[in-house]
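Read the structure below first, then the notes.
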2 protein chains.
Amino acid sequence: MATPEACRHLLTSMEGITGVHRSLAKALPAGCLPPGSGVLFVLGRSEQPLRAGRVAELMDIDMSVVSRRIAHLVDQGWVARSPNPHDGRSCLLGLTDQGRAVVDNATEQCLDVVAGGLRDWPDEDIERLADLLERLRVSLGHRTLPAPEPVPH
Amino acid sequence: MATPEACRHLLTSMEGITGVHRSLAKALPAGCLPPGSGVLFVLGRSEQPLRAGRVAELMDIDMSVVSRRIAHLVDQGWVARSPNPHDGRSCLLGLTDQGRAVVDNATEQCLDVVAGGLRDWPDEDIERLADLLERLRVSLGHRTLPAPEPVPH
DNA sequence: TATTGTTATACTCTATAACTATA
DNA sequence: TATAGTTATAGAGTATAACAATA
């Protein structure tokens with residue numbers, strides 16, 4: 001049912017999608033989104049500790065990237081590694097209290113900016129946009145929902 | 001009217017927004033989006049030739065970035081500089097026929113991927129998402145619409 | 001003196017490939 | 001042999017600062 005016209009319209013509006021993201025980041029106080037925040041957010045949203053490979057899968061980036069970031073985040077004291085009882089090759093990763101504080105602060109700052117920019121929006125438009133973005137992500141094949149850590153054999 | 005709950009929901013769905021963009025790029029044939037495509041797209045959408053500073057403004061990135069990209073795109077033969085009759089400090093930038101071909105091809109390839117992923121979406125949802133994204137971009141302060149080149153004094 | 005654009009430098013995000021350790 | 005993770009290297013996007021030319 002997707003006509004080429006509608007897709008073309010969407011494509012144009014998606015063209016600047018990274019710009020929107022950057023605008024948001026620029027509107028934030030300096031240091032609010034430290035390097036590697038993405039990993040921090042993913043770990044912060046997860047119910048359980050995650051393996052590095054699982055983080056890479058959820059973010060749809062290469063594990064080598066996650067590995068280097070994790071090392072840095074551990075150095076910062078924001079992420080803690082604990083041994084994986086089921087597999088000696090991997091560790092389980094979780095936020096420290098400090099890491100949680102960084103995530104919570106960044107989230108609040110982002111919320112301030114978004115809520116400020118969207119203060120005239122009707123609530124239902126915001127909800128609709130969020131829902132549509134989520135569906136777009138799924139339709140374009142990007143993983144999102146953290147499934148429970150599977151127990152290996 | 002924007003409640004914190006709705007904004008939080010939107011923020012979560014925006015977190016992976018660059019991932020969606022990357023998914024799209026990854027789904028494309030190699031070489032389809034050459035470095036600097038963004039500048040190419042902006043020039044391709046403009047009715048008239050643009051100054052470098054104007055491109056930077058429209059993309060909300062630093063002019064130094066545009067400058068280096070333009071140099072590369074001119075080397076590739078995709079962008080042509082012409083003298084600006086109103087101001088000797090700047091040039092006017094436009095696509096060459098080759099550049100136009102690159103833009104058109106990339107657009108079609110992107111359309112194929114998007115239309116494929118969204119083939120089950122009702123048309124009105126696609127339009128609604130495109131509209132909401134456009135409004136989001138405006139509300140968060142990101143410039144989009146190419147205004148006519150102002151004539152300096 | 002202010003503005004336009006260029007260049008040098010550096011930082012962030014990402015991927016590929018080669019490697020180590022464990023399964 | 002296959003998988004999880006690490007490390008080295010490289011490419012792409014971006015910003016800041018110093019600079020040259022023109023207004």
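Scan region A:108-139 for residues that are crowded, with 17+ Cβ neighbours inside 10 Å, in a helix (DSSP H, G or I), facing chain B (nearest Cβ under 7 Å) and among the hydrophobic types (A, V, I, L, M, F, W, C) and report the count.
Residues meeting the conditions: 9.
Can you pull out every residue in region A:99-153 that is touching a strand residue (DSSP E or B) at 6+ places or on another chain (Cβ under 8 Å) and modelled with pLDDT under 95? Give the steps one after another, and end with the answer.
Within region A:99-153, the first condition is being touching a strand residue (DSSP E or B) at 6+ places or on another chain (Cβ under 8 Å), and the residues that meet it are A:99, A:103, A:146, A:149.
Across region A:99-153, the qualifying residues are A:146, A:149.
Any chance you could count how many residues in region B:66-86 are surrounded by 13 or more Cβ atoms within 10 Å (Cβ to Cβ) and farther than 14 Å from residue B:39 by Cβ?
Result for region B:66-86: 2.
Of the residues A:6, A:30, which is surrounded by fewer than 17 Cβ atoms within 10 Å (Cβ to Cβ), within 30 Å of residue B:58 (Cβ to Cβ) and not basic (Lys, Arg)?
Details: A:6 fails: surrounded by fewer than 17 Cβ atoms within 10 Å (Cβ to Cβ).
The match here is A:30.
What number of residues in region A:77-92 are within 16 Å of DNA strand C (Cβ to nearest atom) and either in contact with a Gly (Cβ under 8 Å, 6 or more places away or on another chain) or among the hydrophobic types (A, V, I, L, M, F, W, C) (or both)? Full working, then the answer.
Taking region A:77-92 as the starting set, the residues that turn out to be within 16 Å of DNA strand C (Cβ to nearest atom) are A:78-79, A:81-92.
Then drop every residue that is not either in contact with a Gly (Cβ under 8 Å, 6 or more places away or on another chain) or among the hydrophobic types (A, V, I, L, M, F, W, C) (or both), which leaves A:78-79, A:82, A:90-92.
Going through region A:77-92 one residue at a time, the tally reaches 6.
Inspect region B:66-78 for any residue being within 12 Å of DNA strand D (Cβ to nearest atom), more than 14 Å from chain A (Cβ to nearest Cβ), over 30 Å from residue A:1 (Cα atoms) and in a loop (DSSP other than H, G, I, E, B) and give the result as yes or no.
Checking region B:66-78: not a single residue is within 12 Å of DNA strand D (Cβ to nearest atom), more than 14 Å from chain A (Cβ to nearest Cβ), over 30 Å from residue A:1 (Cα atoms) and in a loop (DSSP other than H, G, I, E, B).
Hey, could you check region B:13-53 for residues that are outside any helix (DSSP H, G or I) and within 16 Å of residue A:138 (Cβ to Cβ) and say which is farthest from DNA strand C (Cβ to nearest atom)?
Among those that are outside any helix (DSSP H, G or I) and within 16 Å of residue A:138 (Cβ to Cβ), it is B:27.
Checking residue A:5 against (1) more than 13 Å from DNA strand D (Cβ to nearest atom); (2) in contact (Cβ under 8 Å) with a residue 60 or more places away in the chain: exactly one of these is not met. Which one?
Looking at each condition in turn, residue A:5 falls short on (2).
Could you please give the count of residues in region A:92-133 that are closer than 30 Å to residue A:81 by Cα and not hydroxyl-bearing (Ser, Thr, Tyr)?
So the first thing to find is which residues in region A:92-133 are closer than 30 Å to residue A:81 by Cα, and the list is A:92-111.
Imposing the further condition that a residue be not hydroxyl-bearing (Ser, Thr, Tyr) reduces the set to A:92-95, A:97-106, A:108-111.
Here the count works out to 18.
Only one of (1) at the interface with another protein chain (Cβ under 7 Å from one of its Cβ atoms); (2) not in a helix (DSSP H, G or I) is not met by residue B:10, so which one is it?
All conditions pass for residue B:10, except number (2).
May I ask you to list pairs of residues, at least six apart or on different chains, whose Cβ atoms are under 6 Å apart, with the first in region A:21-34 being within 14 Å of another protein chain (Cβ to nearest Cβ) and the second being in a helix (DSSP H, G or I) and within 13 Å of DNA strand C (Cβ to nearest atom)?
From region A:21-34, the pairs are A:21/B:17; A:21/B:18; A:32/A:106; A:33/A:25; A:33/A:106.
Take the residues of region B:51-65 that are more than 9 Å from DNA strand D (Cβ to nearest atom), within 14 Å of chain A (Cβ to nearest Cβ) and touching a residue at least 40 places away in the same chain (Cβ under 8 Å): which is surrounded by the fewest Cβ atoms within 10 Å (Cβ to Cβ)?
Within region B:51-65, the subset more than 9 Å from DNA strand D (Cβ to nearest atom) is B:51-55, B:57-58.
Among the residues that remain, those that are also within 14 Å of chain A (Cβ to nearest Cβ) are: B:55, B:57-58.
Restricting the remaining residues to those that are touching a residue at least 40 places away in the same chain (Cβ under 8 Å) gives B:57-58.
Values: B:57: 16, B:58: 24.
The selected residue is B:57.
The values are calculated or read from the model by the stated rules, or taken from the named source; none is laboratory data. Keep in mind the model is a prediction, meaning the values are calculated, not measured. For neighbour counting, all protein chains shown are included, and Cβ atoms are generated from backbone atoms with ideal geometry for every residue, glycine included.
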